[in-house]
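Peer 1: So that we are looking at the same thing, I have put the structure below in structure tokens.
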């Protein structure tokens with residue numbers, strides 16, 4: 001069975017969607033959820049789904065090998081960033097090359113990089129009067145949002161759209177496509 005570890009910093013709706021998707025199969029499972037925030041709602045979701053959770057701080061992620069060693073012991077087939085806001089240290093990226101993916105709420109290469117997440121992205125897209133937005137699923141490298149693109153899906157931006165309305169459209173795309181693309185990568 002393929003093993004998936006999810007990293008998340010917030011609510012965790014994508015983490016839950018992924019875990020539910022694979023709980024209905026016999027060939028892959030979310031085996032752990034890692035979060036850099038002890039107050040992240042994703043930890044409640046993990047508890048409700050009976051998925052082990054790990055909370056870590058900046059020091060253990062960047063200044064020690066603790067998380068790297070835990071990941072090596074867990075031996076995941078894929079590490080999935082689902083709303084995880086920290087840059088992954090080079091030592092983890094190198095050790096799990098082409099086995100870490102991220103989802104970004106815009107059509108990269110536009111609107112990527114440090115600070116471009118959530119409503120910050122949606123606001124920028126609307127302010128620039130773009131006609132389309134969407135999601136990008138990509139491999140993770142040592143730079144924010146610069147890894148090779150795996151998949152993109154788009155949605156039309158309408159004149160009435162606010163950052164919140166656009167976020168809802170983006171979440172629909174994420175929940176529809178992220179589990180399917182993960183499955184394609186694994187198999």
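The values are calculated or read from the model by the stated rules, or taken from the named source; none is laboratory data. From a predicted model like this one, the values you see are computed outputs, not experimental measurements. Note that each Cβ is placed from the backbone with ideal geometry, even for glycine, and that neighbours are counted across all protein chains shown.
Peer 1: Here are some conditions: (1) over 16 Å from the mean Cα position of the chain (by Cα); (2) under 16 Å from residue 140 (Cα atoms); (3) at pLDDT below 95. Residue 25 meets all but one. Which one does it not meet?
Peer 2: Here residue 25 meets the rest and fails (2).
Peer 1: For residue 84, only one of the following conditions fails: (1) over 17 Å from the mean Cα position of the chain (by Cα); (2) closer than 26 Å to residue 62 by Cβ. What is its number?
Peer 2: (1)
Peer 1: Can you pull out the residues in segment 111-139 that are more than 24 Å from residue 93 (Cα to Cα) and not in a helix (DSSP H, G or I)?
Peer 2: 128, 129, 130, 131, 132, 133, 134 - these are the residues of segment 111-139 that are more than 24 Å from residue 93 (Cα to Cα) and not in a helix (DSSP H, G or I).
Peer 1: Now a separate question. From the list 117, 111, 139, which residue is over 19 Å from residue 61 (Cβ atoms) and surrounded by 20 or more Cβ atoms within 10 Å (Cβ to Cβ)?
Peer 2: Answer to the check: 111.
Peer 1: Under 8 Å between Cβ atoms, which residue pairs at least 6 apart in sequence (or on different chains) link something in segment 156-169 that is without any contact (Cβ under 8 Å) to a residue 60 or more places away in the chain with a partner that is in a loop (DSSP other than H, G, I, E, B) and buried (at least 18 other Cβ atoms within 10 Å of the Cβ)?
Peer 2: 166/157; 169/161
Peer 1: To continue, here is another question. Please count how many residues of segment 100-120 are closer than 20 Å to residue 13 by Cβ and over 15 Å from the mean Cα position of the chain (by Cα).
Peer 2: 2
Peer 1: Does residue 59 satisfy being surrounded by fewer than 19 Cβ atoms within 10 Å (Cβ to Cβ), at pLDDT 95 or above and within 19 Å of residue 102 (Cα to Cα)?
Peer 2: no
Peer 1: Still on this model: What are the residues in segment 1-30 that are farther than 15 Å from residue 49 by Cβ, in contact with a strand residue (DSSP E or B) (Cβ under 7 Å, 6 or more places away or on another chain) and touching a residue at least 40 places away in the same chain (Cβ under 8 Å), if any?
Peer 2: Matches in segment 1-30: 2, 3, 7, 9, 27.
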